[in-house]
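Colleague: Attaching a single structure in structure tokens format; questions to follow.
The values are calculated or read from the model by the stated rules, or taken from the named source; none is laboratory data. Keep in mind that what you see is a predicted model, and the values were worked out from it rather than measured. Cβ: placed from backbone, ideal geometry, glycine included. Neighbour counts: every protein chain shown. Surface accessibility is based on the protein's heavy atoms, side chains included, excluding ligands, DNA and RNA. Shrake-Rupley method; radii C 1.70, N 1.55, O 1.52, S 1.80 Å.
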Protein chains: 4
Amino acid sequence: MAGNTFGQLFKLTTFGESHGVAIGGVIDGCPPGVLLDEKFIEKEMSRRKPSNSIASSKRCETDTIEFISGVYQQTTTGTPLAFMIRNADCNSNDYTNLKNVFRPSHADYTYSLKYGIRDYRGGGRSSARETAARVAAGAIAKLILHQYNIKITAFTSAIGDIKIKQHYTELNFKSIDKDPLYCPDKSSSLKMQQLISRIQKEKDSIGGIATCFVQNCPLGLGEPVFDKLQADLAKAMLSIPAAKGFEYGEGFYSSQLKGSENNDLFEKKNKKIILSTNHSGGIQGGISNGEDIYFNVAFKPIASIGKTQKTVDVDGNAISLSIKGRHDICAVPRAVPVVEAMTALVLTDHLLRYKTCK
Amino acid sequence: MAGNTFGQLFKLTTFGESHGVAIGGVIDGCPPGVLLDEKFIEKEMSRRKPSNSIASSKRCETDTIEFISGVYQQTTTGTPLAFMIRNADCNSNDYTNLKNVFRPSHADYTYSLKYGIRDYRGGGRSSARETAARVAAGAIAKLILHQYNIKITAFTSAIGDIKIKQHYTELNFKSIDKDPLYCPDKSSSLKMQQLISRIQKEKDSIGGIATCFVQNCPLGLGEPVFDKLQADLAKAMLSIPAAKGFEYGEGFYSSQLKGSENNDLFEKKNKKIILSTNHSGGIQGGISNGEDIYFNVAFKPIASIGKTQKTVDVDGNAISLSIKGRHDICAVPRAVPVVEAMTALVLTDHLLRYKTCK
Amino acid sequence: MAGNTFGQLFKLTTFGESHGVAIGGVIDGCPPGVLLDEKFIEKEMSRRKPSNSIASSKRCETDTIEFISGVYQQTTTGTPLAFMIRNADCNSNDYTNLKNVFRPSHADYTYSLKYGIRDYRGGGRSSARETAARVAAGAIAKLILHQYNIKITAFTSAIGDIKIKQHYTELNFKSIDKDPLYCPDKSSSLKMQQLISRIQKEKDSIGGIATCFVQNCPLGLGEPVFDKLQADLAKAMLSIPAAKGFEYGEGFYSSQLKGSENNDLFEKKNKKIILSTNHSGGIQGGISNGEDIYFNVAFKPIASIGKTQKTVDVDGNAISLSIKGRHDICAVPRAVPVVEAMTALVLTDHLLRYKTCK
Amino acid sequence: MAGNTFGQLFKLTTFGESHGVAIGGVIDGCPPGVLLDEKFIEKEMSRRKPSNSIASSKRCETDTIEFISGVYQQTTTGTPLAFMIRNADCNSNDYTNLKNVFRPSHADYTYSLKYGIRDYRGGGRSSARETAARVAAGAIAKLILHQYNIKITAFTSAIGDIKIKQHYTELNFKSIDKDPLYCPDKSSSLKMQQLISRIQKEKDSIGGIATCFVQNCPLGLGEPVFDKLQADLAKAMLSIPAAKGFEYGEGFYSSQLKGSENNDLFEKKNKKIILSTNHSGGIQGGISNGEDIYFNVAFKPIASIGKTQKTVDVDGNAISLSIKGRHDICAVPRAVPVVEAMTALVLTDHLLRYKTCK
């Protein structure tokens, strides 16, 4: 049973390989009457586009979305919304020499043995290019969330050992889209850029962390006991290529805290019950409580490196491998819009799910 | 759309409240012909039982499973396997004084506002007692995994700031079931026990980390691009009460590594292609690669504490709350069998899913 | 992948065998706040009960529903609603002689070969006793539909060659629950009763047809292109034991009609657009149009007959089989409440589904 | 919750409107290694194509399938198989005059009121053109079924009151693809053609019946108690535009039979247990028993007729409507390949489902 559909009510099925005709998706369950703001969608796509970041590869894709169905007069009709993004700049010849190689820490080996057949060109289905379809669907999800005033912001909070020290609530996100790394702290960003330059010269790659927060999420999203909001967010994040960890609220740090330190106390303010702290990260008992939701996603270093690696070909012969072609140095900056998109998919799905319990 | 079913092919639906008649579950999709080894199931249940650990509450439950259907002559028949665990020792009077209170960092507040009605007794559906049904189903899943020689081991690797320093591969798990905290390192366990005693005297609680590893998992489990094995494990873990984070392989630490440090190289040994390291944690491209799968799950401190907390009642009046009754000090030891059970559910589900791609 | 769950949002999973501890079900997705009118539920259960009809077997079951979870103070809480109906009067000895027999036109043969194991007692899972769980869940669904004033009525419209000649709109349903066959036309009912007596003397069984109509169904239920309302109704009906056919609106008869005869024309009445006829049966394009929904379900004669049949045992030896024990003569009267229950499940599910497209 | 996905393991999601860019589909769950025989797929598509039958409209579509993903070197890779069929010959101007009209017995009215927006051009999503995507997916399903030697044959068995009198087992299907109505009985076909000519002159339309039988279906397909094979077939058939009824085996006729007439007796032949008759239609207890599966699907007359109908526009004003444009006279001949395709989807899905219970 394959697993290319995400969501229960706002259901995205993606398709496409890195060097095939196109990648794309079908959203079944998009409510009718959503105005598809093309400028917004285009902007979202451009944020993920290859070559917009110093940390990224040089693949030149226009990443233009073609809507095939489900839209009439720029408005969703309630029927399946299919879209396609053509693969323009793919030079499969770059990959011919990889045909018989299992690249270390890539999906080549597992795909080959699981399916018995593999489209090796550009990584095929396992390429991060597939995330363009997620960002497209996420843009549509965001247009729905905007109706509720829900705002999602992700950013680069660490690359290698360079970490932003402040809590997200102390940072200024006004010019984040202008930073080449989507890092809201200027001095950290500069250090990260220097680190990336150094790593690039070493023909190596480096890991990092993306942080995401959601503002104005209404109380009530999340479906215990298995489809808790944090559980679906965790799944969404760990489905992103190169993601290795997820934590929300105080996360792993809460393992070192006492209950009296970590509990969020209720108080009354202006005749309303509010929470005085938000260690919980906006979710209690698996259900959003109206506070900000925030979480971190850890990314491993990109597996493709120019540095020579001693490994084997598909027949087990020892080889020295230096991966050519266009590769990112660090996954995080380009993962930032993907983290937002997956968050948008989870929240939109749960908004619709919430409607059915009333 | 509610969320009380886990799995796609080996589907567990749980039901029941802490102080209702019973908790239980229905497994739809259990293959026929599985011999239900009652001794094994009983043993699994006893590992999660309240009061078997110094970190745990004193609720006395026999936790006996009654099979209602799907079993004939001790063997599964392929029809739905329903089971029930009666709630014997529940004194709802303990909770009457909590009827009008939103306990800090509990699900009281979100359940009340989401559903408009709440069974407050013992936390109702949001009680960790629900996890007994997961352990029961996990035991049955393990019986299936045993046919493939797959072995799952979880343990307490940290409580508060006391952490086991060795990698799991350097530890000895022979007597782990005899340790009151399921901690394989004796000296760490002793320090953890001392910490728990101190926290208990403070009428407080403490967080911790559970680590889990899977041996002999065959290559091929996991369904890209959304139902990657790590994505489903992450969801499974974050659905456990009090879980705040998940990481697999090098996890968050990989965010600080270079590709050349983190990549797992292939080599040939005894005419077979093998991996020289396992930074990846046994999963590549979302599919198990035959190596050990390992991951950490962070747990926050238990929200119920005896220490006085200044909070409000359901009407917003300021109150001083000291939670009486039976409560765990640290979630981790009792979460250990739950982590194993959820892992078993994920792997069994993916074993069945794998069959359909051949 | 097993198939014991019905519905997408109002999800019923049934469990249980004819001669096991109990049969029952779990409803996940029942909205919170539904008052469980016990009298109503009991009345619904009693309509399906064995031995309330001259066409039925003599099994004596009290068919009392025990609610295990999801209810607090007689009201649903939004958590899984589990219920159980104990099997009281099951004398498995009646069936020992059938242990090694594949009864003609029963599920014995297919279950044995598919699953490799079979609980032969009383037909095990394939027994029509399982429908008691459907009627229980249907009663809860009806309580939700009552909030919308939706009314479902099924009745016996044919047994053997005795058919009610009038259209359902010309019949009077006031005393239908008093008729032993749920037949609204007194003279037809008497003829049917005579036919059943005759068939019973022949130690044989007979087929028939149940007709069902739904009043006050709001416009909008049904999800093209696959989950059209008629498609889900057809599935629901064909999942009932012994059902062999489904038709809605003019059904098979429409195959002989011209468009000009079968089309429903719109007209304006009291400033509202209405339909002047209802050949369509209340559904157009897969979506309810506000008119009555009506359909027929054909049932084959009960497979268990006292009459001697020449067949073989599990080893293929020729035998003469005369099935003893308690068996219905005609499935229809007892299927009537099941048809209503399955209709209620479909409509409730689609009511919830409709909410998510707004 | 929308409903544009069919199947649980071999999952087809279709998209597209009659006069949009294209219609198409994504199959998630197609096993890897299936050779996509293009000639076969093309042939299947041509059987459904408009204008290949005297009963059909004159829309000229080449109906060429473009595969977007999931195929590498003509072989499926186990990743989502996306395909597209462009809408070439659509003159939306034909439909401008229908913009403000609710055509009788069409989906215009229900779509408008349910979704609040409607792509009226050519019927939009509710157009039978959507079935081209089903035939494409069905062709791929058939390629899988061929590996098991499973053969599906549908044919026109009745148009209006002209019915084939013989049982399907007495007919010769060798030249069926050459008959303009897919009718295997020459003399019936001629009468049907005469009837269609007459109806066409009356600017009217006519209903009919398609019959389908499946040979060599292995024992074991079907998942009680809800996803019985006949239940999923019934759903599949009733999801086809204009379908009004489904019956399998003796179907509605079995309602008039006695058990002793309808039961299929077992006998031993050549050391194997076989069935001496097949009144059951190849399914017992919801599971295929190895015999031929056969069923009928009733279709209403096409709703679009040239004959003048008195109806109303969207504002309720009385109008006289005569529908111009290209319309079929009888749905059945073009439904024949769709019935086969939906049957292939159901069987392929259940073949994969069967694998998980072993």
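Colleague: Order the peptides C:303-315, B:24-36, A:229-241 from the highest to the lowest mean number of other Cβ atoms within 10 Å of their residues.
Modeller: So the order, starting with the most tightly packed, is A:229-241, B:24-36, C:303-315.
Colleague: Could you check which residue among D:Leu345, D:Leu190, D:Leu113 shows the biggest mean-square fluctuation in a GNM of chain D with a 10 Å Cα cutoff?
Modeller: Its mean-square fluctuation being the largest, the pick is D:Leu113.
Colleague: Further question: Please find, among residues of chain A, the one with the beta carbon closest to the rotation axis relating it to chain C, distance in whole Å.
Modeller: A:Lys355, 2
Colleague: Something else: Need one number: nm distance between label points at D:Ser175 and D:Leu190, each 7 Å from Cα along Cα→Cβ, rounded to one decimal.
Modeller: Label at D:Ser175, label at D:Leu190, 1.2 nm between them.
Colleague: Size of the dipole of region D:225-297 about the Cα centre, Lys and Arg at +1 and Asp and Glu at -1 on the beta carbon, nothing else charged, in debye to 20?
Modeller: 180 debye
Colleague: Now for a separate question. Using a 10 Å cut-off on Cβ to Cβ distances, tally the other chain neighbours for every residue of B:27-34 and report the average as a whole number.
Modeller: Mean partner-chain Cβ count within 10 Å for B:27-34: 5.
Colleague: Could I ask something else about it? For A:Tyr109, tell me the accessible area in Å² from a 1.4 Å probe, rounded to the nearest 10.
Modeller: 30 Å²
Colleague: Please calculate the 1.4 Å probe accessible area of A:Ile283, with all protein chains present, and give it to the nearest 10 Å².
Modeller: 10 Å²
Colleague: I've got another one for you. Provide an ascending nm list, one decimal, of label-point separations from B:Glu261 to the equivalent residue in each further copy; define each label point as 7 Å from Cα along Cα→Cβ.
Modeller: Label-point distances to the other copies, shortest first: 2.7, 8.3, 8.3 nm.
Colleague: In addition: Through the Karplus equation 6.51 cos²θ - 1.76 cosθ + 1.60, θ set to phi - 60°, convert the phi angles of region D:115-126 into ³J(HN,Hα) values in whole Hz; use x for Gly and Pro.
Modeller: 9, x, 8, 8, 7, 6, 5, x, x, x, 6, 7
Colleague: Residues of chain C: accessible area per residue at 1.4 Å, in Å²?
Modeller: In whole numbers, chain C has 33 Å² accessible per residue.
Colleague: Now for a separate question. Dipole magnitude of the protein assembly as shown about its Cα centre, charges +1 at Lys/Arg Cβ and -1 at Asp/Glu Cβ only, in debye to the nearest 20?
Modeller: About 0 debye.
Colleague: Can you give the local net charge around D:Gly138? Use residues other than it whose beta-carbon is closer than 11 angstrom to its beta-carbon, Lys and Arg +1, Asp and Glu -1.
Modeller: +2
Colleague: Also, I was wondering about something else. Identify, among B:Ala133, B:Leu98, B:Gly33, the residue whose Cα sits farthest towards the positive end of the charge dipole of region B:5-357, taking +1 on the Cβ of Lys and Arg and -1 on the Cβ of Asp and Glu, with the dipole about the Cα centre.
Modeller: Checking the options against the dipole of region B:5-357, the answer is B:Leu98.
Colleague: In the Gaussian network model of chain C, springs joining C-alpha atoms below 10 Å, which of C:Arg48, C:Arg134, C:Arg198 carries the largest mean-square fluctuation?
Modeller: It is C:Arg198.
Colleague: Gaussian network model of chain A, Cα springs within a sub-10 Å range: biggest mean-square fluctuation belongs to which of A:Thr348, A:Thr96, A:Thr131?
Modeller: Result for chain A, Cα springs under 10 Å: A:Thr96 fluctuates most.
Colleague: Shortest first, in nm, what separates the label point of D:Ser322 from those of the same position in the other copies (7 Å along Cα→Cβ)?
Modeller: From this label point to the equivalent ones elsewhere in the assembly: 7.1, 8.0, 9.2 nm.
Colleague: Now for a different question. If D:Lys355, D:Lys163, B:Lys271 are ordered by their accessible area, calculated over protein heavy atoms with a 1.4 Å probe, which sequence runs from highest to lowest?
Modeller: Output order, biggest surface exposure first: B:Lys271, D:Lys163, D:Lys355.
Colleague: Next up: Quick check on packing: order D:260-269, A:246-255 by the mean number of other C-beta atoms within 10 Å, highest mean leading.
Modeller: A:246-255, D:260-269
Colleague: Summarise the partner chain shielding of C:347-358 as one whole number: the mean count of Cβ atoms from other chains within 10 Å of each residue's Cβ.
Modeller: If you average over the peptide's residues, the count of other-chain Cβ atoms is 6.
Colleague: Continuing with this model, one more query. Identify, among D:Gly123, D:Ala82, D:Gln200, the residue whose Cα sits farthest towards the positive end of the charge dipole of chain D, taking +1 on the Cβ of Lys and Arg and -1 on the Cβ of Asp and Glu, with the dipole about the Cα centre.
Modeller: Working it through, the farthest residue towards the positive pole turns out to be D:Gln200.
Colleague: Same structure, new question: Determine the dipole magnitude for region B:5-357: charges of +1 sit on the beta-carbon of Lys and Arg, -1 on that of Asp and Glu, nothing else is charged, the reference point is the Cα centre, and the result goes in debye to the nearest 20.
Modeller: Once rounded to the nearest 20, the dipole reads 580 debye.
Colleague: May I ask you to compute the full-extension gain from B:Lys269 to B:Lys201, defined as 0.36 nm times their residue separation minus their alpha-carbon distance, rounded to one decimal in nm?
Modeller: Length difference between fully extended and current span is 19.0 nm.
Colleague: Another one. Report, for B:Thr75, each distance to the same residue's label point in the other copies, shortest first and in nm; define the point 7 Å along Cα→Cβ.
Modeller: Computed spacing set for this position: 3.9, 5.0, 6.2 nm.
Colleague: For helix D:332-355, report the angle its Cα long axis makes with the longest principal axis of the Cα atoms of chain D; keep it between 0 and 90° and round to the nearest 10°.
Modeller: Taking Cα atoms only, the helix is inclined about 40 degrees.
Colleague: Toward the positive end of the charge dipole of region D:267-358, about the Cα centre and with charges on Cβ (Lys, Arg +1; Asp, Glu -1), which of D:Val297, D:Cys357, D:Ala318 goes farthest?
Modeller: Checked the options; the winner is D:Cys357.
Colleague: Over the whole of C:122-130, what's the average partner chain Cβ count within 10 Å per residue? Rounded to a whole number, please.
Modeller: 3
Colleague: How far is helix A:131-146 tilted, in degrees, relative to the longest principal axis of the Cα atoms in chain A, given as a value from 0 to 90 rounded to the nearest 10?
Modeller: Between helix and principal axis, roughly 20 degrees.
Colleague: Sum up the charges of everything whose Cβ sits under 11 Å from the Cβ of C:Tyr294, counting Lys and Arg as +1 and Asp and Glu as -1, but leave C:Tyr294 out.
Modeller: So the surrounding residues net to -4.
Colleague: Something else: Counting only helical runs of four or more DSSP H residues, what would the 222 nm mean residue ellipticity of chain A come to if each run contributes -39,500 (n - 2.57) and the total is spread over all its residues?
Modeller: Rounded to the nearest 500, it is -8000 deg cm²/dmol.
Colleague: Tell me, what is the FRET efficiency for A:Asp161 and B:Ser320 to the nearest 0.05, using R0 = 30 angstrom and their Cβ-Cβ distance as r?
Modeller: Here the calculated transfer efficiency is 0.10.
Colleague: With a 1.4 Å probe and all protein chains kept in place, how do B:Thr343, A:Thr5 rank by accessible area, largest first?
Modeller: Final ranking, largest accessible area leading: A:Thr5, B:Thr343.
Colleague: Something else: By how many degrees, 0 to 90 and rounded to 10, does the Cα axis of helix B:229-238 deviate from the longest principal axis of chain B?
Modeller: Between helix and principal axis, roughly 10 degrees.
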